[in-house]
Every structure is written in C-alpha cells, then in structure tokens.
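S.K.: Dropping the structure in here first, questions after.
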Amino acid sequence: ILITGCSSGFGRLMADLFFENGWTVIATLRDSVRMKDAPSDPRFQVLELDVTAPADRAAAVDFVDRRYGGRLDCLINNAGYGLFGPFEETSETELREQFEVNFFGLSLLTRSFLPALRMARGRVINMSSVCGAHGMPLTSAYCASKFAVEGLTESLRYELAPHGVQVGMIEPGGFRTKFGTNVQWSTDRGTTSPTYDVQTENYRALLTKMRSGKGNPPGVVAHAAFRMAEAVRMPLRIQVGADARATHWARRLMPSFIWTRLSETMCQAVFNKPVAPSALGERNG
C-alpha cells in the first residue's frame, strides 16, 4: 500500500495501522525527516513524494516497479490542505495551488499507478471531506477541490471496475488533527475594504473554538480506510464522524429547497453575526 501525506494526522495513523496489521507500507511525504521515527523494517518504506512534482511521481512509480515487481495493492490519496478565506481575496496563484495539491496531484499520481493497480487487481481510496458534498462560506477553493475529487472518484469507480480496480472515498468530518492549524488563509487583499471582515472574524473564532474543544480522535478515520482496503467489495463512499453522517443524510433526505434554506439560515447565524469593533480593529490594525 502506498499512502500520501504521512507526515502527521490521518496519513501517519494509516501507515502505522496498516503496517501493524501485516501490510507492506510505502509511507510518502514531502520531507522524510519528519518521519525519522518510522519503524526500521523492510515492510515499512519511507519515500519522499511531492504529489505536484512530476519527477517525484515518476520516482514513486519506479520504486514500486523495482522493489515490488510493478504491483500495488492499494493507493490511498491522503495528501492535501485547506485554503480558506473570501474568494474575492484569493489570488490566482493560491487558487491554482489548492487544485494542484488536492486534485491534480491526486489525479496524476493515480493515473501513473493504474498499471500497477491493474496488475494487482488493487484499489484506490481517495480522501475527500464533508466539504466535498456541501459548500460553505470562506472555503470555496477547498470545497471546489474536494467536489472535483468526488467527481473523479465516482467516475473512476465505474471506469476501472471492468479492469479489476476498485475505487472509493472517505468523507471525514471535523477531527483532532493538525489540519486546522495547517490551514492557509488567502492573502490577496487588493483593497482595504472591510467587506468580508465580519464573516472572516466569525469563521476564525469558530475554528479556534473547535480546536480548543475535545474533538474527534482521528484514529477512526484510519480504521475506516483499513476496513475499506480489506473489504471484499469497497463502498463508493463512507462518511466518518457524526457531523459528516448528519450532513450526508440531511442533504439526501431533505428536499433541495429546504436544505438550501436551512444552510442559508445556519450560515447567516454563524458567519454574518456582528463582531465586536475591537476584533475588527485588531485585524485591520
């Protein structure tokens, strides 16, 4: 199994879990120094891989060809990050980079490994998000990248099934990982206009509150990936976390206009409430 984004969070937990349960693991990350505590065992290989770099992707394929005879039983596309902030204040560079990592890197790495996956009648597990099925204010770039992953995953499931390759995805909700602290905020403030100040301050406050809470232990996501990888028949998608499941079923069961009205009401209450002048002063100061 090859897993991307193993420096921390879901990726590292998955790598350890699969290894402990008898799999040979290729744990990839951009800087191998961040995994210097990896098990010293031939069944646990650490490989530097930036999914946006063509040379790194080619080197990963070559590694599997040389060491494992060109067979790959499972690929977990976990690498990614969140770009938050007003869409109007998101630069073209930031927007493109979000897609380069979350979508194009994932897509091109998967394409590169299809011969190895076909040979092993393997499987692909893509890490999506609750944001892959539900848009939110100030997360448009991140949501769009995950919506793209959802479309790719579902299409490949049907396209690759006749060739023995199973494809599915995991949609996690909010979990206690470094994702929240590693979020990048858009920086292209071409104007001093305070148009989005209220929404931004409220969202920052919400994220701070969520990070300070108990949170959900991320191990359940790793176990969900393990169950998918070992299932005789993988589901197309699974939701992990009460918030992800609630969102999935509410959207599925509610008429569209009710879901939209409910979402508008909730976003108005959470993002658009007045902010104390001192808070805005601190941000603009």
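S.K.: How about the stretch 33-50: which of its residues are in a helix (DSSP H, G or I), open to solvent by 40 Å² or more (accessible area, probe 1.4 Å) and not basic (Lys, Arg)?
M.R.: Val33
Conditions tested, residue by residue: (1) touching a strand residue (DSSP E or B) at 6+ places or on another chain (Cβ under 7 Å); (2) at pLDDT 95 or above.
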{"residue": "Val51", "(1), (2)": "no, yes"}
{"residue": "Ala59", "(1), (2)": "no, yes"}
{"residue": "Phe63", "(1), (2)": "yes, yes"}
{"residue": "Arg66", "(1), (2)": "no, yes"}
{"residue": "Tyr81", "(1), (2)": "yes, no"}
{"residue": "Glu89", "(1), (2)": "no, no"}
{"residue": "Glu100", "(1), (2)": "no, yes"}
{"residue": "Leu108", "(1), (2)": "no, yes"}
{"residue": "Ser112", "(1), (2)": "no, yes"}
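S.K.: While we're looking at this one, here's another question. Please enumerate the residues belonging to the stretch 106-132 that are farther than 22 Å from Pro54 by Cα, in contact with a helix residue (DSSP H, G or I) (Cβ under 8 Å, 6 or more places away or on another chain) and assigned to a helix (DSSP H, G or I).
M.R.: Within the stretch 106-132, Val130, Cys131, Gly132 meet the criteria.
For every residue, the table says whether it meets (1) open to solvent by less than 10 Å² (accessible area, probe 1.4 Å); (2) closer than 13 Å to Leu75 by Cβ.
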| position | (1), (2) |
| --- | --- |
| Leu114 | no, yes |
| Asn126 | yes, yes |
| Gly132 | yes, no |
| Met136 | no, no |
| Thr139 | yes, no |
| Phe147 | no, no |
| His163 | no, no |
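S.K.: Does Leu13 satisfy the condition of being open to solvent by less than 50 Å² (accessible area, probe 1.4 Å) and either at pLDDT 95 or above or closer than 24 Å to Gly82 by Cβ (or both)?
M.R.: For Leu13, the condition - open to solvent by less than 50 Å² (accessible area, probe 1.4 Å) and either at pLDDT 95 or above or closer than 24 Å to Gly82 by Cβ (or both) - is not met.
S.K.: Across the stretch 145-175, what is the total count of residues that are in a strand (DSSP E or B) and charged (D, E, K, R)?
M.R.: 1
S.K.: Between a first residue in the stretch 56-75 that is without any contact (Cβ under 8 Å) to a residue 40 or more places away in the chain and a second residue that is open to solvent by 30 Å² or more (accessible area, probe 1.4 Å) and in a loop (DSSP other than H, G, I, E, B), which pairs have beta carbons less than 9 Å apart while being 6 or more apart in sequence or on different chains?
M.R.: From the stretch 56-75, the pairs are Asp56/Arg30; Asp56/Asp50.
Table: residues versus (1) at pLDDT 85 or above; (2) assigned to a helix (DSSP H, G or I); (3) loosely packed, with under 15 Cβ neighbours inside 10 Å.
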site: Thr187; (1), (2), (3): no, no, yes
site: Thr195; (1), (2), (3): yes, no, yes
site: Tyr203; (1), (2), (3): yes, yes, no
site: Thr208; (1), (2), (3): no, yes, yes
site: Asn216; (1), (2), (3): no, no, no
site: Ala222; (1), (2), (3): yes, yes, no
site: Met228; (1), (2), (3): yes, yes, no
site: Arg245; (1), (2), (3): no, yes, no
site: Pro274; (1), (2), (3): no, no, yes
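S.K.: Out of the residues in the stretch 230-243 that are buried (at least 18 other Cβ atoms within 10 Å of the Cβ) and within 25 Å of Leu72 (Cα to Cα), state the one that is farthest from the chain's Cα centre (by Cα).
M.R.: Met234
S.K.: Let me ask you something else. Within the stretch 53-108, can you find the residues that are among the acidic types (Asp, Glu) and open to solvent by 40 Å² or more (accessible area, probe 1.4 Å)?
M.R.: Result: Asp56, Asp62, Asp65, Asp73, Glu88, Glu92, Glu97, Glu100.
The values are calculated or read from the model by the stated rules, or taken from the named source; none is laboratory data. As the structure is a computational prediction, the values presented were derived from the model and not from experiment. Virtual Cβ from ideal backbone geometry, glycine too; neighbours counted across all protein chains shown. Keep in mind that these areas ignore ligands, DNA and RNA; they rest on the heavy atoms of the full protein, side chains included. Shrake-Rupley method; radii C 1.70, N 1.55, O 1.52, S 1.80 Å.
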